[in-house]
1. Taking the stated definitions as given, is A33 near the ligand (Cβ under 8 Å from one of its atoms), in contact with a Phe, Trp or Tyr (Cβ under 8 Å, 6 or more places away or on another chain) and more than 26 Å from E157 (Cβ to Cβ)?
2. Could you run through the stretch 103-134 and say how many residues are on the phi < 0 side of the Ramachandran plot, hydroxyl-bearing (S, T, Y) and either open to solvent by 90 Å² or more (accessible area, probe 1.4 Å) or touching a Ser or Thr at 6+ places or on another chain (Cβ under 6 Å) (or both)?
3. Which one is most open to solvent (accessible area, probe 1.4 Å) among residues in the stretch 150-174 that are part of a loop (DSSP other than H, G, I, E, B), at pLDDT 95 or above and more than 16 Å from S125 (Cα to Cα)?
4. Which members of the stretch 56-65 meet the condition of being of a type in the set (V, I, T) and either more than 6 Å from the ligand (Cβ to nearest atom) or open to solvent by 80 Å² or more (accessible area, probe 1.4 Å) (or both)?
5. Can you pull out every residue in the stretch 38-55 that is more than 10 Å from the ligand (Cβ to nearest atom), in contact (Cβ under 8 Å) with a residue 40 or more places away in the chain and either closer than 30 Å to A24 by Cβ or not in a strand (DSSP E or B) (or both)?
6. Taking the conditions exactly as written (farther than 11 Å from V83 by Cα, more than 8 Å from the ligand (Cβ to nearest atom), under 15 Å from the mean Cα position of the chain (by Cα) and among the small types (G, A, S)), does S68 satisfy them or not?
7. Test of understanding: among K70, K27, which residue is surrounded by fewer than 14 Cβ atoms within 10 Å (Cβ to Cβ) and farther than 27 Å from E152 by Cα?
Amino acid sequence: MNPQDLLDQDPLKTFESWFKEAEASGKLREPRAMALATLSPDGRPHNRIVLFKDLSDEGVTFYTNYDSQKGKDLSANPFCEVVFYWDPLGKQVRISGSVQKTSRETSEAYWATRPRESQLSQHVSRQSTPVESREQMIEAVEKARRDFANKEIPLPENWGGYLLIPSHVELWIADPARLHDRFVFSKFKDGWTSARLHP
Ligand SMILES: Cc1cc2nc3c(=O)[nH]c(=O)nc-3n(C[C@H](O)[C@H](O)[C@H](O)COP(=O)(O)O)c2cc1C
C-alpha cells in the first residue's frame, strides 16, 4: 500500500495523532523529548534533546536560550531537523525545515505559564557557557529569588521560542519482521507529496 492509502495526506496530522498516542500510553517519561540537530557556522553538526512545545498551522515550536550553542547555530544556519522516537509505539518521526524566532508576545505568553522555579533558573542561566560550580548556580538563583521577591519575573531578552516550519517529514513504523514502513513527505505549495522508501 502507498502512504496515501495508509496515512493522512498531511504528515503533521499523523504526527499529532502519534504524539497523542505516545502521551496516552503512559509509558514514556518524556513523550515531548525530541533530538534537535543544527549546524554550526563552520559546518559541524550538533545534536541535543529539547522539549516539543506545540504544533500549529505554522509549524513546531520549542523553547530555549537564544545565546546557547543551538541559538548561535540557528542564527548562522536557520535550518534544523528534529526527531522523535517513541519506543513503546515503535514509531519515529523526523521533521526538518527552516526556523524563525517566535514573536516576543508568543514567548511572553508561554513564559507566563512556566513555574516560578523554572523562570528563576532560566533567568540566571548562561546556557552553554562554563560555570565554576553548582554552588555558584544555586547562589545566583537565590540572589534572583531575593531580587524578584514579590515581583513578576520578566522574560529574559535572550530566551524564547523557535518555530520550525516543516518542509520535509518522515514517518517510520516498526515491523516485527524488520520490514519497516518508511514514508517521506515533501511540502509543495499548499500540500504534500509523498513516497515510500526502503527502510
Ligand atoms: C529531556 C530533556 C529535555 C530538555 N529540554 C530542553 C529544552 O526544552 N530547551 C533547552 O534549551 N534545553 C533542553 N534540554 C537541554 C539540552 O539537551 C541541552 O543540553 C541544552 O539546551 C544546551 O544545548 P546547546 O549547548 O547545544 O545549545 C533538555 C534536555 C533533556 C535531556
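1. Details: near the ligand (Cβ under 8 Å from one of its atoms): yes; in contact with a Phe, Trp or Tyr (Cβ under 8 Å, 6 or more places away or on another chain): yes; more than 26 Å from E157 (Cβ to Cβ): yes.
For A33, the condition - near the ligand (Cβ under 8 Å from one of its atoms), in contact with a Phe, Trp or Tyr (Cβ under 8 Å, 6 or more places away or on another chain) and more than 26 Å from E157 (Cβ to Cβ) - is met.
2. Filtering the stretch 103-134 for residues on the phi < 0 side of the Ramachandran plot gives 103-127, 129-134.
Going one step further and asking which of them are hydroxyl-bearing (S, T, Y), we end up with 103, 106-107, 110, 113, 118, 121, 125, 129, 133.
Narrowing the set further to residues that are either open to solvent by 90 Å² or more (accessible area, probe 1.4 Å) or touching a Ser or Thr at 6+ places or on another chain (Cβ under 6 Å) (or both) leaves 113.
Counting residues in the stretch 103-134 that are on the phi < 0 side of the Ramachandran plot, hydroxyl-bearing (S, T, Y) and either open to solvent by 90 Å² or more (accessible area, probe 1.4 Å) or touching a Ser or Thr at 6+ places or on another chain (Cβ under 6 Å) (or both) gives 1.
3. Here is the first cut: in the stretch 150-174, the ones part of a loop (DSSP other than H, G, I, E, B) are 150-158, 174.
Then keep just the ones that are at pLDDT 95 or above; that gives 151-158, 174.
From the residues that got through so far, the ones that are more than 16 Å from S125 (Cα to Cα) too are 151-152, 174.
Values: K151: 115, E152: 166, A174: 46 Å².
Checking each candidate, the answer is E152.
4. So the first thing to find is which residues in the stretch 56-65 are of a type in the set (V, I, T), and the list is 60-61, 64.
Once the filter is applied, which keeps residues that are of a type in the set (V, I, T) and either more than 6 Å from the ligand (Cβ to nearest atom) or open to solvent by 80 Å² or more (accessible area, probe 1.4 Å) (or both), the stretch 56-65 yields V60, T61.
5. Filtering the stretch 38-55 down to residues more than 10 Å from the ligand (Cβ to nearest atom) leaves 39, 41-45, 54-55.
Keeping just the survivors that are in contact (Cβ under 8 Å) with a residue 40 or more places away in the chain gives 39, 55.
Across the stretch 38-55, the qualifying residue is only L55.
6. On the way: farther than 11 Å from V83 by Cα: yes; more than 8 Å from the ligand (Cβ to nearest atom): no; under 15 Å from the mean Cα position of the chain (by Cα): yes; among the small types (G, A, S): yes.
So S68 fails the test.
7. K27
The values are calculated or read from the model by the stated rules, or taken from the named source; none is laboratory data. Quick caveat: nothing in here was measured; it's all calculated off a predicted structure. In this analysis, Cβ positions are derived from the backbone assuming ideal geometry, glycine residues included, and neighbour counts consider all displayed protein chains. Areas reflect the complete protein model, heavy atoms only, side chains present, ligands, DNA and RNA absent. Shrake-Rupley method; radii C 1.70, N 1.55, O 1.52, S 1.80 Å.
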